[in-house]
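The values are calculated or read from the model by the stated rules, or taken from the named source; none is laboratory data. Since we're looking at a predicted model, the values are computed, not measured. Neighbour counts run over all protein chains shown; Cβ positions are idealised from the backbone, glycine included. Surface areas here come from the heavy atoms of the whole protein model, side chains and all, with no ligands, DNA or RNA. Shrake-Rupley method; radii C 1.70, N 1.55, O 1.52, S 1.80 Å.
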Amino acid sequence: MRTSRRLFLQSAAAFAASAGSPSLDPNSLPRFVDPLPRLPVAKPNAGKYRLVMREAELRLHRDLPPTRLWTFDGCFPGPTLEVRSGQAALVEWVNQLPERHFLPIDRTLHGAEADKPEVRTVVHVHGAKTPPESDGYPEDWYTRGKSATYRYPNRQEPAMLWYHDHAMGINRLNIYAGLLGLYLVRDGVEDGLGLLRGRYEVPLVICDRLLRKDGSLEYPVSGRPDAPWVPEVFGNALLVNGKLFPYLEVEPRPYRLRLLNASNGRFYHLSLSNGREFHLIGTDQGLLPAPLRIPSFVLAPGERADVIVDFQGRSGERVELRSDAFELMQFRVGRATGGRVPPVPTVLRPVPRIPEAAAVRTRVLTLNEDMNGAGESMRMLLNGAHWDMPVTEKPLLDTVEIWSIANLTEDSHPIHLHLVRFQVLDRRPLLYRGPPQPPEPTESGWKDTVRAHAGMVTRIIARFEGYPGRYVWHCHVLEHEDNEMMRPYEVVAV
Ligand SMILES: [Cu+2]
């Protein structure tokens, strides 16, 4: 049995014994009684956005009492920021959260020591090409009553990015509490494709939470009160746009669904209950050259997929979006409303391949697991190094590098690089015991997060363009990230 799973199961058992209200059995709730929330769009005031992090009580299901959450402007997920490519946006991120955290802080973790305030936040826009001073460096956190105004140049292609907390040592708790939202970049080229917009374009933020019967959030703890960190968290409730089992009334026509996996650690394997295919049109960092038809796909934490689902000729049907056996939400196909149905474009946007020969350097970077004397997983590391060791990855600005990520652990880790977009080259078994495997369809476009599978070397290629300065790369399983599976890297101006 995998050590991290064993530790988790022990922890879960210890926690269950100590919990207040018992865990919720989601199967006891009626399904598809709440409409899918349409996420509000943030409005700028005098050219500036202002989003306030504050506590709120929100209902995650019709038959559950309200849940205490930490939100942006009282919304979970937060209001969507919609920006135009090439037009800078100013955002003031304001911390008006309570003084005390309501989830279990582990003071043994780096950056969360006893001398640090309990409640600290710093916001990062995942996938944004942002100058370092506005990237939300994990140590740039601030406390209640303070704010940071960040400038986003948005010099990048259209994509669905997302913002979330990134505070050192507690970001798994802050995001779990609800501090996340979407950030959509658009441009005229995308507008010209005539893709579905308005009510036919539906962002879907998927995340799981452990809920108690009284509606409250449960975050599991280890059996050690002085060190409550657990290596993985899997919720009993799979939420879409902040609701458990929502439904969406749709017309019998195509819809553009923009999916984000915002979970702490759960991977999803998504399909439709009627067996219909998705037309995949985009990945993390934007559109594909052409749509690809796929029956299902995997989304790891941090990953996004842009798909078109066609409900034409399906009037009266009910179609569930599933992750393996779990139902996430239901589409109810109504009657035609007579509007023109645009065809799915056959040509989208070029994704020029970065030739391997363009790389000035290849780095072999390992993912490791650190064991204690009892053979239990203590933490995961990048390249065997801790956060506060000297920076070792220093790509030169505007150069291309290949990163060969050798996963020596027994888990899949979604690896995310700040600042840059990259392409997935291939995967090979460790020690090259087999032929290279090509990237999956959902990895055929621009990416910023890649699944590094156990026992495999995953190769990515990136041009380190944008801005010189200090950034981070890390695992997007948030429990790993908070316990040393994050490293600084530095883009160096020549
Ligand atoms: Cu990980």
> Which of the pairs Lys43/Lys129; Lys48/Lys213; Lys43/Lys213; Lys129/Lys213; Lys146/Lys213 have their Cα atoms more than 30 Å apart in this structure?
Replying inline: Lys48/Lys213; Lys43/Lys213; Lys129/Lys213; Lys146/Lys213
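Using only Cα atoms, figure out Rg for segment 31-187 and give it as a multiple of 2.2 N^0.38 Å.
Scaled against compact globular proteins, the figure is 1.06.
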>> How long are the semi-axes of the equivalent ellipsoid of segment 320-397, taking √(5λ) for every eigenvalue λ of the Cα gyration tensor, in whole Å from largest down?
In response: 45, 29, 10
> For segment 284-300, what does the Karplus curve 6.51 cos²θ - 1.76 cosθ + 1.60, with θ = phi - 60°, yield as ³J(HN,Hα) per residue in whole Hz, taken in order and with x for Gly and Pro?
Replying inline: 2, 10, x, 6, 7, x, 7, x, 10, 8, 9, x, 6, 7, 9, 10, 8
> Points 7 angstrom from Cα along the Cβ direction at Phe234 and Leu397: gap in nanometres?
Replying inline: 4.6 nm
>> Taking the Cα centroid of segment 451-482 and of segment 123-152, what is the distance between the two, rounded to the nearest whole Å?
In response: 19 Å
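With +1 on each Lys and Arg Cβ and -1 on each Asp and Glu Cβ, and nothing else charged, work out how big the dipole of the chain is about its Cα centre, in Debye to the nearest 20. Walk me through the numbers before you get to the answer.
Working: 60 positive and 59 negative charges, 248 e Å.
Around 1180 debye, computed over the chain.
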>> At 1.4 Å probe radius, can you tell me the per residue accessible area of segment 31-187 in Å²?
In response: 35 Å²
> Shape of segment 356-491 from its Cα gyration tensor (a ≥ b ≥ c, root eigenvalues): rounded if a/c is under 1.5, otherwise prolate when a/b > b/c, or oblate?
Replying inline: oblate
>> Please compute the volume of the convex hull spanned by the alpha-carbon atoms of the chain and report it per residue in Å³.
In response: 151 Å³
>> In segment 31-187, if the dipole is taken from +1 on Lys/Arg beta carbons and -1 on Asp/Glu beta carbons about the Cα centre, which of Met53, Tyr183, Trp141 is farthest to the positive end?
In response: Tyr183
>> Over the Cα atoms of segment 65-121, each weighted equally, I'd like the Debye log10 I(q)/I(0) at q = 0.19, 0.25 Å⁻¹, rounded to two decimals.
In response: -0.88, -1.10
>> What is the percent carbon and sulfur in the accessible area of segment 296-386, measuring with a 1.4 Å probe over the protein chains and ignoring ligands?
In response: 51 percent
